[in-house]
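Here is the structure we will look at, set down as structure tokens.
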Amino acid sequence: MPKTKYKRVLLKLSGETFLGERKFGIDPKFTQWLAKEIGKAIKTGSQISIVVGGGNIFRGTSAAEHGLERTVGDYIGMLATIMNSLALQAALEKEKIQARVLTSIEVKDVAEPYIRRRAIRHLEKGRVVIFAGGSGAPYFTTDTTAAQRALEIAADIILKGTKVDGVYDKDPHKHDDAKKLESLSLKEALTNKHIEVLDNSALSLCMDHKIPILVFNLHTEGNIVKAVSGEKVGTLIS
Ligand code: UDP
């Protein structure tokens with residue numbers, strides 16, 4: 001088993017990853033597969049925290065386009081992230097991995113409230129910590145939450161699991177000659193309009209506080225282990 005390079009990581013998963021083979025909602029087959037992959041990564045000795053999105057269920061911006069008040073839409077979106085988090089926690093527990101969901105909006109019958117020191121304590125005890133409910137405030141995203149929580153818990157890196165194997169110099173779907181980048185700077189990621197890794201507020205936070213981001217294909221078996229152990233995978237933005 002490879003040894004960890006990053007002692008404490010924050011894995012950002014968009015809600016869309018939870019779709020698995022579905023068009024809406026949560027695919028339990030996918031969450032179970034993911035739980036197994038996370039289990040392998042824990043064995044390297046890495047402390048794993050996760051920020052989960054909610055786009056597979058609800059997005060405040062698109063609901064606002066259809067006439068729903070934006071803040072209400074955003075709260076529904078935040079609640080959607082809690083649903084995803086509970087599904088992931090259940091999948092992890094099925095694999096005998098201890099996991100705690102910490103929410104920024106109190107739903108104390110189903111999860112603990114987010115308390116920074118408590119999150120760190122769980123991580124030190126080897127439990128997976130899932131940060132749910134986004135930042136708890138409308139007009140933000142789970143990308144921003146990922147950057148903020150990573151800073152709060154002093155994570156060594158943000159691991160951004162995606163459907164592609166890294167960052168390209170141009171859109172690989174539109175250009176045959178698009179090249180995958182091994183690495184790039186946070187400033188480049190922020191200024192190059194073609195590069196969409198995390199949203200700009202999240203990238204700014206990462207740049208101001210010098211936290212690296214690894215963009216990698218989440219759906220390839222063994223990639224989370226590679227990411228935490230510093231093996232060559234994806235694109236490193238630092
Ligand atoms: N959201 C919010 N504040 C936050 C995080 C999320 O209002 O701090 C809402 C927002 O409406 C967003 C939805 O929750 O559209 C789902 O989050 P996000 O779009 O970031 O999920 P992802 O794109 O990662 O699936």
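Checking every one of the trypsin sites (Lys or Arg not before Pro) in the stretch 117-183 against DSSP loop status and a limit of 15 other Cβ atoms within 10 Å picks out K125, K163, K170, K174, K179. Once Rg and the Kirkwood radius are both taken over the C-alpha atoms of the stretch 1-133, their ratio Rg/Rh works out to 1.00.
A90 to T220: extension gain in nm, 0.36 nm per residue of separation minus the Cα-Cα distance? Working shown, then result.
Working: separation 130, 0.36 × 130 = 46.80 nm, distance 2.19 nm.
Gain on stretching A90 to T220: 44.6 nm.
Past 30 Å, Cα to Cα: identify those pairs from K96/K226; K23/K94; K23/K210; K160/K193; K12/K96, in the order given.
Working: K96/K226 22 Å; K23/K94 25 Å; K23/K210 36 Å; K160/K193 18 Å; K12/K96 22 Å.
K23/K210, as the Cα separations exceed 30 Å there.
Given N residues in the stretch 123-238, what is Rg(Cα) / (2.2 N^0.38 Å)? Write down the numbers at each step before the final one.
On the way: Rg = 14.5 Å, N = 116, 2.2 N^0.38 = 13.4 Å.
Rounded to two decimals, the normalised Rg is 1.08.
Under the criterion of Cα pairs below 8 Å and six or more residues apart, the relative contact order for the chain equals 23 percent.
Please quote Rg/Rh for the chain to two decimal places, taking the Kirkwood radius as Rh and restricting both calculations to Cα atoms. Reported Rg/Rh, Kirkwood definition of Rh: 0.94. Were the residues from K43 through K29 laid out at 0.36 nm apart, the gain over their Cα-Cα distance would be 2.8 nm.
When Rg and the Kirkwood radius Rh are both evaluated on Cα atoms of the stretch 1-44, their ratio Rg/Rh stands at 1.07. Membrane-span-like helices in the chain, defined purely by DSSP H runs whose alpha carbon atoms cover 30 Å or more axially and whose average Kyte-Doolittle hydropathy reaches 0.0, are 70-94. Cα centroid separation, the stretch 20-40 to the stretch 194-229: 20 Å. Given a Förster distance of 22 angstrom, what is the FRET efficiency for K170 paired with K232, based on the Cβ-Cβ distance and rounded to 0.05? It comes out at approximately 0.50. Annotation: the stretch 111-191 has a Kirkwood hydrodynamic radius of 15.4 angstrom, from the mean reciprocal C-alpha pair distance. Using DSSP to define loop residues, name the chymotrypsin sites (Phe, Trp or Tyr not before Pro) in the stretch 1-67 whose beta-carbon has at most 10 other beta-carbon atoms within 10 Å. Filter output for the stretch 1-67: F24.
Most tightly packed first, judged by the mean number of other beta-carbon atoms within 10 Å of their residues, the peptides 84-95, 203-214 read 84-95, 203-214.
For the stretch 59-102, what is Rg from Cα atoms divided by 2.2 N^0.38 Å, rounded to two decimals? Working shown, then result.
Details: Rg = 14.3 Å, N = 44, 2.2 N^0.38 = 9.3 Å.
The reported ratio for this selection is 1.54.
Only the coordinates and a few stated rules stand behind these numbers; no lab work does. Remember, predicted model here, so these are calculated numbers, not experimental data. All Cβ positions, glycine included, derive from the backbone under ideal geometry; neighbour counts span all protein chains shown.
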